[in-house]
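The values are calculated or read from the model by the stated rules, or taken from the named source; none is laboratory data. None of these values were measured; they are calculated from a predicted model. Backbone-built Cβ (ideal geometry, glycine too); neighbour counts: all protein chains shown. Side chains are part of the model used for accessible areas, which takes the heavy atoms of the whole protein and leaves out ligands, DNA and RNA. Shrake-Rupley method; radii C 1.70, N 1.55, O 1.52, S 1.80 Å.
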Amino acid sequence: MQTLGLGASRPARSVVAAALLGVSLFGPVLALGSPAAAETLQGALAKAYQTNPTLNAARANQMATDETVPIQRAAGLPAATINSTFNENVLIPGGQFIIIPRSMQTQGQLTVPIYQGGLVKNGIKAANARVAAGEETLRATEASVFSQVVAAYNDVLRDTQIVELNRNNVKNLEVNLRATQDRFEVGDLTRTDVAQSEARLSQARADLRNAEANLIGSKERYIQQVGEVPADLSQPPPLPGLPADVGEAVEIAIKENPDIAAATKNSEAAGFDVKAARAGRLPTLSGFGTVSRNDNFGGAIVPPGFPAQPSSQTSAVIGARMALPIYQGGRPSAQIRQSQARKTAAMENQIGTERGVVQQVRSAFASWKASLDVIKSAEAAIAANSLSLEGVRAENGVGNRTIIEVLNAEQELINTRVQLATARRNAYVAGFTLLAAMGNAEARDLDLQGITLYNAKDHYRRSKGEFLDWTGHDAPMIRSTRTVTTPAQDAAVIAGEDASVVAPK
């Protein structure tokens, strides 16, 4: 049986693999008779990976974060400027002996930072730490999007089954009502029996409408996440790598969860910010060189007896500049205190994130285990209710059971089948949520066919190596797909499924 694949690139994979469960959350996979073109969960995840706007926006934001490194580094590199000024004297005051009608002054300057109190060094370190935090946040976004796709995918499967169950129930109750009316006509049943059958049919029709509305909502959520209409969804494969106990799950999550890793890196960046703020009260040293040229274009008007004016003059100077802050109104101290407070907040956020992950892991584990138990109980209840319904129907035929008892037995069987469909959905979603909290539910962990995985470090390496002012990347473009052109969904069930499949007896 195919499983949702996990790689083995990270050290914790050996721990996860040791806990691999070989039992499907759904039990034996039912043959749905679907064509080869049936959509799989891996296919839906691959489409979301390429076209989901939340994920593509997160990648673009990470690209922007990458650029903070060369921005910080630029403050420690030489800077060269050229300034030119052209003057046209339109009103020349009297009493001047030498008149220059027009002139141009051009100055080129090179400044080389030598020492800035650690501002640049710590700024670069903080930027690198935030790039690393952003990469972890991108991992978290990816896992979050995948969790929503898995939930939407299983919601469609669950609600499709529930709609089909309710439709079959309406059909059965319509047949039952006609039979009840016929027996009433011959005096075998009372008017009360007919009224009970009519009431139960009306309730079943209302339940069907609610189920159809839920199915439409699930399909639209699927379109929102995947970008395409759900069509002929196949049952998802079993989830591997689920832990044997909650303690193991928490241990893996503390090491692998991207939110915790991002919070740790942000705390490191805040520490470098404190060091960078301290540079505000330290001396700075820079070297400079200046070349100046004045041109009068040979148009200087010189009275007789005065020396001729050259058409241009060039000068150059080199030197060093040191700035020693004496008093800045308390600004540096305030900036240091501000950075220290933000460092404290980052450390507290790190603890808060860890708490949240622990809670998420424990809750998801409990929900997953409970759903597995519900599945077993619902399967046993379906078998018992099916047998009970057959007996009640047989006893009703000989007059030992009333119509309402038959209707109640039918409703109990429908309820347990709906409970089973819901428990199967909840078990799979909780299991995937648990994997996501453990840091094992990203594209690099899953068997996504036909796509090239996005590597955030590639863009970082390119950006980090840029030193020129006139380089750039591709123009902004949209990579996500729009869904406004998709048709509004209806309550049509997935092709190939029938009551014998979605509601096994």
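Worth a mention:
- Residues located in region 398-422, provided they are in a helix (DSSP H, G or I) and open to solvent by 60 Å² or more (accessible area, probe 1.4 Å): Glu405, Asn408, Glu412, Asn415, Gln419
- Of all residues in region 113-133 being open to solvent by 20 Å² or more (accessible area, probe 1.4 Å) and within 15 Å of Ser463 (Cα to Cα), the one that is farthest from the chain's Cα centre (by Cα): Ile124
- Residue check, Glu212 open to solvent by 10 Å² or more (accessible area, probe 1.4 Å), part of a helix (DSSP H, G or I) and either in contact with a strand residue (DSSP E or B) (Cβ under 6 Å, 6 or more places away or on another chain) or over 21 Å from Leu55 (Cβ atoms) (or both): yes
- Tally, over region 188-208, of residues that are open to solvent by 60 Å² or more (accessible area, probe 1.4 Å) and over 13 Å from Leu407 (Cβ atoms): 4
- Near pairs, Cβ below 6 angstrom, 6+ apart or cross-chain, from region 297-326 (at pLDDT 75 or above) to any residue that is exposed (fewer than 12 other Cβ atoms within 10 Å of the Cβ): Ser311/Gly298
- Gln350 being in a helix (DSSP H, G or I), open to solvent by 50 Å² or more (accessible area, probe 1.4 Å), in contact with a helix residue (DSSP H, G or I) (Cβ under 9 Å, 6 or more places away or on another chain) and closer than 30 Å to Gly287 by Cβ: no
- Screening region 39-57 for residues that are open to solvent by 20 Å² or more (accessible area, probe 1.4 Å) and touching a helix residue (DSSP H, G or I) at 6+ places or on another chain (Cβ under 7 Å) and picking the one that is nearest to Val156 (Cα to Cα) gives Lys47.
- Verdict on Ser267 being small (Gly, Ala, Ser) and closer than 21 Å to Arg167 by Cα: no
- The residues in region 67-86 that are open to solvent by less than 60 Å² (accessible area, probe 1.4 Å) and outside any loop (DSSP other than H, G, I, E, B) can be counted, and the count is 6.
- Criterion applied to Ile326, Ile375 was being surrounded by 13 or more Cβ atoms within 10 Å (Cβ to Cβ), out of contact with any Pro (no Cβ under 9 Å at 6 or more places or on another chain) and among the β-branched types (Val, Ile, Thr), and the one residue passing it is Ile375.
- Screening Asp159 with (1) in contact (Cβ under 8 Å) with a residue 40 or more places away in the chain; (2) more than 30 Å from Ala211 (Cα to Cα); (3) among the acidic types (Asp, Glu) gives one miss only, at (2).
- Qualifying positions in region 256-288 - open to solvent by 20 Å² or more (accessible area, probe 1.4 Å) and assigned to a strand (DSSP E or B): Thr284, Leu285, Ser286, Phe288
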